[in-house]
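Colleague: Please see the structure below; I have some questions.
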Amino acid sequence: MRTALIVYGGWEGHDPEECAALYRRWLHEDGFSVRVETETKAFADPAIHDLSLIIPIYTMSRIAKDEVENLTKAVEGGVGLAGHHGGMSDAFRDAVEYQFMVGGQWVAHPGNIIDFTVDITRSDDPIMAGIKTPMAYRSEQYYMHVDPSNEVLATTTFSGEHAWWIKDVVMPVVWKRHHGKGRVFHSTLGHSVKEFTDFPDMATIVRRGVNWAAREE
């Protein structure tokens, strides 16, 4: 049986507890054994090296040196890492080794909650199969610092309405990558847990991405 660890906490504005419950339900339905923790010390546990998957939901906050070192080594060794929005890509801002593993870091969301579109760039990828493009969306449109080695599956284009100097910038929204032997999946969508209900295609993408990232038995 595949095994997963969900670690949630940090800033409450991203509904970490509710998102953890959603992931836990998905994972149980998809045949995982799931452990849920609320403190970053779980990342320092040597047992995480035997997991199939780790899902961080921990916006901002801090991670101790031994915790991030053990986490990154686990992923380098083959444990999958997956998640969404600031719970993954705006976590542990002072831990550059964590950002290197994720493949990106949030830096802005001009206009805050706005309407924008998401363009699927790899409709041939199984994670994106059948997802209509462009996808109308309403949330925070994340402006990211991203790793050029990411395999980008979807993008968004900034209109310049809320920051004129980034007009027509095309920004990755969904990507997958490897960090060592581990698979990493990330979607910048999902400011609130409600979006997983309001935008079922987004939920489908994330659920598929989580399963893709998990190490095979």
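The values are calculated or read from the model by the stated rules, or taken from the named source; none is laboratory data. The structure presented is a predicted model; accordingly, all values stated were derived computationally and were not measured. So basically every Cβ, Gly included, is an ideal-geometry build from the backbone, and we count neighbours across all protein chains shown. Remember, those area values only see protein heavy atoms, side chains included, never the ligands or the DNA or RNA. Shrake-Rupley method; radii C 1.70, N 1.55, O 1.52, S 1.80 Å.
Colleague: Could you tell me whether residue 161 is within 15 Å of residue 109 (Cβ to Cβ), open to solvent by 80 Å² or more (accessible area, probe 1.4 Å), more than 14 Å from the chain's Cα centre (by Cα) and not hydroxyl-bearing (Ser, Thr, Tyr)?
Modeller: yes
Colleague: Working carefully through the options 88, 128, find the one that is out of contact with any Phe, Trp or Tyr (no Cβ under 9 Å at 6 or more places or on another chain), within 30 Å of residue 217 (Cβ to Cβ) and open to solvent by less than 10 Å² (accessible area, probe 1.4 Å).
Modeller: 128
Colleague: Name the pairs: first residue in segment 5-27 and touching a residue at least 60 places away in the same chain (Cβ under 8 Å) and part of a helix (DSSP H, G or I), second residue among the β-branched types (Val, Ile, Thr) and open to solvent by 30 Å² or more (accessible area, probe 1.4 Å), Cβ to Cβ under 6 Å, at least 6 apart or on different chains?
Modeller: Qualifying pairs under 6 Å: 18/193; 19/193.
Colleague: Starting from segment 54-82, take each residue that is in contact (Cβ under 8 Å) with a residue 24 or more places away in the chain and over 22 Å from residue 22 (Cβ atoms) and list its partners that are of a type in the set (D, E, K, R) and in a helix (DSSP H, G or I), counting only C-beta distances under 8 angstrom and pairs at least six apart or across chains.
Modeller: Going by the 8 Å Cβ cut-off, the qualifying pairs are 64/41; 67/41; 68/97; 69/97; 72/97.
Colleague: Out of segment 187-217, which residues are touching a residue at least 60 places away in the same chain (Cβ under 8 Å), open to solvent by less than 30 Å² (accessible area, probe 1.4 Å) and out of contact with any Asp or Glu (no Cβ under 7 Å at 6 or more places or on another chain)?
Modeller: Answer for segment 187-217, where residues must be touching a residue at least 60 places away in the same chain (Cβ under 8 Å), open to solvent by less than 30 Å² (accessible area, probe 1.4 Å) and out of contact with any Asp or Glu (no Cβ under 7 Å at 6 or more places or on another chain): 187, 188, 190, 196, 205, 206, 209, 210, 213, 214.
Colleague: Same structure, new question: Need pairs with beta-carbon distance below 7 Å; first residue free of Cβ contacts under 8 Å to residues at least 40 places away in the same chain and closer than 14 Å to residue 68 by Cβ and within segment 32-49, second open to solvent by 50 Å² or more (accessible area, probe 1.4 Å) and part of a helix (DSSP H, G or I); sequence gap 6+ or separate chains.
Modeller: Close Cβ pairs (under 7 Å, with a partner that is open to solvent by 50 Å² or more (accessible area, probe 1.4 Å) and part of a helix (DSSP H, G or I)) amount to 44/66.
Colleague: In addition: In segment 86-128, what residues are assigned to a loop (DSSP other than H, G, I, E, B) and among the aliphatic types (A, V, I, L, M)?
Modeller: Result: 95, 127, 128.
Colleague: Among the residues of segment 53-77, what is the count of those that are open to solvent by 10 Å² or more (accessible area, probe 1.4 Å) and either out of contact with any helix residue (DSSP H, G or I) (no Cβ under 8 Å at 6 or more places or on another chain) or more than 14 Å from residue 106 (Cβ to Cβ) (or both)?
Modeller: Qualifying residue count for the region: 12.
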